[in-house]
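The next block holds one structure in the form of structure tokens; read it before the comments.
The values are calculated or read from the model by the stated rules, or taken from the named source; none is laboratory data. Quick caveat: nothing in here was measured; it's all calculated off a predicted structure. Here Cβ is always computed from backbone atoms with ideal geometry, including for glycine, and neighbour counts include all displayed protein chains. Areas reflect the complete protein model, heavy atoms only, side chains present, ligands, DNA and RNA absent. Shrake-Rupley method; radii C 1.70, N 1.55, O 1.52, S 1.80 Å.
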Amino acid sequence: STLIPDEMQYLGVDVSSPLVRRANSLYASARKSFKVGDAYQLPLPTGSFDAAVSFWVWSHLKNPGKAADEMSRVLKPGGPYLVITANPATYEARRTFYSRYEEQDGKIVGDFDLGNGKKLTNTTLYLHSEQTFRNALTSAGLTIKETKHLGMLDEYPGGLYVCFSGTKAP
């Protein structure tokens, strides 16, 4: 939210009520607001948004196709989107980010180490392939114009994240 220019109208959606309350307290302004919602069923009208972004969410979703369908539903035709999620090529390295985890049914569930003694407990990372993300986007009527790999390229030459950008079909 701090990266969104103040002159842009922005609505953030998160499934966590405490995080939405925190965001509204810290970042809300006349043009920025936050709402409790679910990536699979966004509490937003069809075709009501000029653009959509999703940061570090899709690798935590069991069904990225359903999330892509919802993103496409709320976007206006021709509207741009940006999705940044975990790079599947780094799943092996990501296992080392967990202080404790179990792998089951195509996912990792455990305690993610944030550093400085902080951790996220019971975090889920679904082991989707990059092609799964691509298929989800294109099946939802979202064109992929660019795919980039980014984040900590010195340590992880393929990048920790994969970034898809494009537009909703007109």
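Which of the listed residues, THR132, GLY79, LEU160, is farthest toward the dipole's positive end in region 48-170, when Lys, Arg count +1 and Asp, Glu count -1 at the beta-carbon?
GLY79
List every residue whose amide H lies under 5 Å from the amide H of VAL53, counting only residues 5 or more places away in sequence or on a different chain, with H placed 1.01 Å from N in the peptide plane.
Distant-sequence amide H within range of VAL53: LEU82.
Take every DSSP beta bridge whose two residues both sit in region 1-100, then give the antiparallel share in percent to the nearest 5.
Taking every DSSP beta bridge with both residues in region 1-100, the antiparallel ones total about 15 percent.
Count of lysine pairs in the chain with Cα atoms under 21 Å apart, counting only pairs 8 or more residues apart in sequence or on different chains?
Lysine pairs, 8 or more places apart or on different chains, close enough: 13.
Out of the total accessible area of region 71-170 (probe 1.4 Å, heavy atoms of protein only), what percent is carbon and sulfur?
Looking at region 71-170 in its full context, I get 51 percent from C and S.
Placing +1 at every Lys and Arg Cβ and -1 at every Asp and Glu Cβ, with all other atoms neutral, what dipole size does region 45-170 have around its Cα centre, in debye to the nearest 20?
320 debye
Please report, largest first and rounded to whole Å, the three semi-axes of the ellipsoid equivalent to the chain, where each semi-axis is the square root of five times an eigenvalue of the C-alpha gyration tensor.
26, 21, 15
Out of the DSSP beta bridges found with both residues in the chain, what percent are antiparallel (nearest 5)?
75 percent
Quick query: amide H of VAL13 versus all other amide H atoms, modeled in the peptide plane; which residues come in under 5 Å with a sequence gap of 5 or more or a different chain?
Placed amide hydrogens put LYS35 under 5 Å from VAL13.
Between GLN9 and LEU127, how high is the FRET efficiency from 1/(1 + (r/R0)^6) when r is the Cβ-Cβ distance and R₀ = 35 Å? Nearest 0.05.
Step by step, r from the Cβ atoms, then E = 0.45.
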